[in-house]
Amino acid sequence: SDRGLPRVSPAAFRANLMEMIERARRFGTRHIILSTNHPTLRHKTLLSGESLEERRRHYNWIMREVAAETEVTLCDIDDGFAGLDGAALEPLLLPYPDHLHLSARGHAHYAGLIYPPVAEAIRAVIA
């Protein structure tokens, strides 16, 4: 048990992202893409008093902020799932009790969202 604490604190998550981006740039990476995490159907309140979904949204905001601060490409996967209610989201996730990981249909949806920024990055790097 993590006794209600996240595996990685928000502050450490932000610092880790910043360090990875800095190191990647130092070693010559020409294009960096950060992506937010897709929604889940995990709404049960955790020991921390928040749900996995609430925590996921919080960490997604950190990713958005870091992407903006560091001027890297953001692929907002979360935004690409926006507007899906539970009934529409359910077939995109593995069945209960998982409701966290993507199903084959969910992976296809995800691929459609991540492909454009990846393709653009490839074009930019080989140009």
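The values are calculated or read from the model by the stated rules, or taken from the named source; none is laboratory data. Quick caveat: nothing in here was measured; it's all calculated off a predicted structure. Here the Cβ is made from the backbone with ideal geometry for all residues, glycine too, and neighbour counts use every protein chain on show. Quick note on the areas: whole protein, heavy atoms, side chains included, nothing else; ligands and nucleic acids left out. Shrake-Rupley method; radii C 1.70, N 1.55, O 1.52, S 1.80 Å.
Do you know which of the residues in the range 14-49 that are in a helix (DSSP H, G or I) and closer than 28 Å to H107 by Cβ is farthest from the chain's Cα centre (by Cα)?
So, considering only residues that are in a helix (DSSP H, G or I) and closer than 28 Å to H107 by Cβ, the one farthest from the chain's Cα centre (by Cα) is A24.
Assess whether E69 counts as being part of a helix (DSSP H, G or I), of a type in the set (D, E, K, R) and more than 24 Å from P116 (Cα to Cα).
No.
What are the residues in the range 33-50 that are among the hydroxyl-bearing types (S, T, Y) and closer than 17 Å to L89 by Cα, if any?
Passing the criteria: T36, T40.
Can you pull out the helices (runs of 4 or more DSSP H) entirely within the range 77-127 that have at least 1 residues that are open to solvent by less than 50 Å² (accessible area, probe 1.4 Å) and without any contact (Cβ under 8 Å) to a residue 24 or more places away in the chain?
86-89, 104-126
Before we move on, is N60 open to solvent by less than 70 Å² (accessible area, probe 1.4 Å) and not charged (D, E, K, R)?
yes
Of all residues in the range 9-35, how many are open to solvent by less than 50 Å² (accessible area, probe 1.4 Å), in contact with a strand residue (DSSP E or B) (Cβ under 9 Å, 6 or more places away or on another chain) and either under 24 Å from Y96 (Cβ atoms) or of a type in the set (A, V, I, L, M, F, W, C) (or both)?
4
Considering only the range 36-46, I want to know if a residue exists there that is touching a residue at least 60 places away in the same chain (Cβ under 8 Å) and either touching a Gly at 6+ places or on another chain (Cβ under 9 Å) or surrounded by 13 or more Cβ atoms within 10 Å (Cβ to Cβ) (or both).
Within the range 36-46, one or more residues are touching a residue at least 60 places away in the same chain (Cβ under 8 Å) and either touching a Gly at 6+ places or on another chain (Cβ under 9 Å) or surrounded by 13 or more Cβ atoms within 10 Å (Cβ to Cβ) (or both).
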